[in-house]
Amino acid sequence: MVEADLAPRGTFRSLSVFNYRVWAGGAIVSNIGTWMQRTAQDWVVLTQLTHNNATVVGIVMALQFGPQVLLLPFTGLAADRLDRRKLLMATQASMGVLALGLGLLTVTDAVRLWQVYLFALLLGCVTAFDAPARQTFVSELVVGPNLSNAVALNSTSFNAARMIGPAVAGVLIALVGSGWVFLVNAASFGAVLLSLRFLRRGELHPAVRAARGRGGFAEGLRYVWSRRDIRTILLMLFLVGTFGMNFPIFISSMSVSVFHLGSREFGLLTSALAVGSVVGALLSARRASPRVSLLAVGAAVFGVGCALAAVMPTSWLFGLALVVVGVASQTLTTTANSSIQLATDPVMRGRVISILLAIVVGGTPIGAPIVGWVADSFGPRWSLALGATAGFAAAVVGVYYLVKHVHGPAGNAEPRPAVEPGRTR
């Protein structure tokens with residue numbers, strides 16, 4: 001009997017797999033800690049180390065996400081060639097140590113801006129290796145028709161943490177200070193390390209390892225360039241990821257400079273964005289298969305959401321607009337991730353996903369300083385207008401692909417799953 005016949009149905013069907021349940025349990029705890037730290041870091045930079053300087057927040061983001069691009073020749077190849085479980089144990093432990101260091105500096109009032117820059121850069125270097133391994137490790141936990149569902153539930157976990165973490169961080173910052181938020185995050189990495197330790201290794205589905213040799217990264221680039229569908233998805237993600245997904249700048253600058261809010265309200269606005277992201281991820285989990293047409297819709301709605309957020313007169317209306325932005329951004333990123341993972345040859349998956357992550361996250365070093373400068377020079381509302389423009393531009397790219405290459409005279413089928421060697425569809 002084929003695996004598809006045995007697979008349970010429903011939004012949470014991947015949780016029927018023991019290893020995925022264990023992994024998801026550890027991941028949600030660690031993700032909450034990560035979002036707590038991101039919130040506290042933005043708050044420290046904006047209110048403690050500078051005087052509401054959004055450009056500096058953009059520089060911190062650039063340092064933290066820039067390594068996704070700079071280390072691209074190595075990170076995807078590491079995910080394809082190394083034991084992903086062991087690689088994740090090393091990266092997760094390293095991130096915990098970095099959170100501990102920044103927390104101790106902040107608690108003792110010794111933290112300086114250059115130290116935040118340094119820790120952001122180091123964290124970015126570790127995350128560059130962690131992210132593609134973590135994304136593709138899902139395919140070793142869940143195989144067959146449930147892989148797309150597992151990818152979507154991973155996004156649900158990440159964004160549920162985005163909903164919980166900032167709200168908790170806002171309260172902790174007000175009660176005990178930002179430094180303790182970093183220390184809580186350091187402890188949270190223990191959960192994911194324990195989950196990796198207690199996986200049933202005999203029930204893992206190890207990926208086919210890429211052969212050692214020269215030109216591994218170049219081979220990944222050639223593979224991406226040969227696939228029109230993947231190129232289109234990556235271009236859409238570049239536009240939205242570079243100029244649209246600068247949420248720390250949008251929310252922090254609007255909170256402080258426009259609505260004059262405190263840390264608790266700042267955390268709640270970040271959580272409002274996460275509410276939309278969770279809804280978007282759960283909707284993605286219910287879909288049987290991802291489609292490029294859905295990417296175009298997601299990009300267009302993202303543009304509308306940013307435009308609405310830019311003109312909202314009150315903080316609670318701004319929060320409602322952020323829910324729309326969250327649904328759209330998560331629909332876009334989850335659908336793109338699922339589409340590419342399912343359509344990519346398994347032996348190339350790590351390199352292709354690292355390119356995807358480099359474009360989504362690594363575009364930040366380009367976009368974040370620009371968006372921060374726009375917020376400082378013309379006002380936070382104009383930075384959101386820039387994000388709206390990026391969403392509409394990405395939607396145009398998607399529609400062009402659908403009209404010319406899917407529904408046009410030379411219509412191609414939308415991306416279909418690549419059959420993995422030795423795995424039954």
Return the residues of region 234-288 that are in a loop (DSSP other than H, G, I, E, B) and either of a type in the set (S, T, N, Q) or modelled with pLDDT under 80 (or both); say none if nothing qualifies.
Asn246, Arg287, Ala288
Where in region 112-221 are the helices (runs of 4 or more DSSP H), entirely inside, with at least 1 residues that are open to solvent by less than 20 Å² (accessible area, probe 1.4 Å) and at pLDDT below 85?
113-141, 147-175
Please specify each residue of region 394-420 satisfying the condition of being modelled with pLDDT under 85 and open to solvent by 90 Å² or more (accessible area, probe 1.4 Å).
Lys404, His407, Pro409, Arg416, Val419
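Residue-by-condition table, conditions (1) under 18 Å from Leu261 (Cβ atoms); (2) free of Cβ contacts under 8 Å to residues at least 40 places away in the same chain; (3) crowded, with 24+ Cβ neighbours inside 10 Å:
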{"position": "Leu308", "(1), (2), (3)": "no, yes, no"}
{"position": "Val323", "(1), (2), (3)": "yes, no, no"}
{"position": "Gly326", "(1), (2), (3)": "no, no, yes"}
{"position": "Ser329", "(1), (2), (3)": "no, no, yes"}
{"position": "Thr335", "(1), (2), (3)": "no, no, yes"}
Pull out all pairs, ordered by first then second residue, where Cβ-Cβ is under 9 Å, the residues are six or more apart or on different chains, the first lies in region 175-204 and is within 20 Å of Arg112 (Cα to Cα), and the second is open to solvent by 50 Å² or more (accessible area, probe 1.4 Å) and assigned to a loop (DSSP other than H, G, I, E, B).
Gly179/Thr108; Gly179/Asp109
Among the candidates Gly124, Gly76, which residue alone is under 23 Å from the mean Cα position of the chain (by Cα) and either of a type in the set (D, E, K, R) or within 26 Å of Val168 (Cβ to Cβ) (or both)?
Gly124
Against the condition under 27 Å from Asp376 (Cα atoms), hydrophobic (A, V, I, L, M, F, W, C) and either open to solvent by 40 Å² or more (accessible area, probe 1.4 Å) or touching a helix residue (DSSP H, G or I) at 6+ places or on another chain (Cβ under 9 Å) (or both), how does Ala40 come out, does it pass?
yes
Filter result for Gly372 (open to solvent by less than 10 Å² (accessible area, probe 1.4 Å), more than 23 Å from Val297 (Cβ to Cβ), in contact (Cβ under 8 Å) with a residue 40 or more places away in the chain and among the small types (Gly, Ala, Ser))
yes
Of the residues in region 9-31, those that are within 17 Å of the chain's Cα centre (by Cα) and open to solvent by 40 Å² or more (accessible area, probe 1.4 Å) number 2
Going by the structure shown, is Gly391 within 27 Å of Pro73 (Cβ to Cβ), part of a helix (DSSP H, G or I), open to solvent by less than 60 Å² (accessible area, probe 1.4 Å) and touching a Phe, Trp or Tyr at 6+ places or on another chain (Cβ under 6 Å)?
no
Inside region 351-366, can you point out the residues that are assigned to a helix (DSSP H, G or I) and either modelled with pLDDT under 75 or farther than 8 Å from Gly241 by Cα (or both)?
Arg351, Val352, Ile353, Ser354, Ile355, Leu356, Leu357, Ala358, Val360, Thr364, Pro365, Ile366
Checked against (1) of a type in the set (A, V, I, L, M, F, W, C); (2) open to solvent by 10 Å² or more (accessible area, probe 1.4 Å); (3) modelled with pLDDT under 80, Leu386 satisfies every condition except (3)
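The values are calculated or read from the model by the stated rules, or taken from the named source; none is laboratory data. Note that this is a predicted model, so its numbers are computed, not measured. Here Cβ is always computed from backbone atoms with ideal geometry, including for glycine, and neighbour counts include all displayed protein chains. Keep in mind that these areas ignore ligands, DNA and RNA; they rest on the heavy atoms of the full protein, side chains included. Shrake-Rupley method; radii C 1.70, N 1.55, O 1.52, S 1.80 Å.
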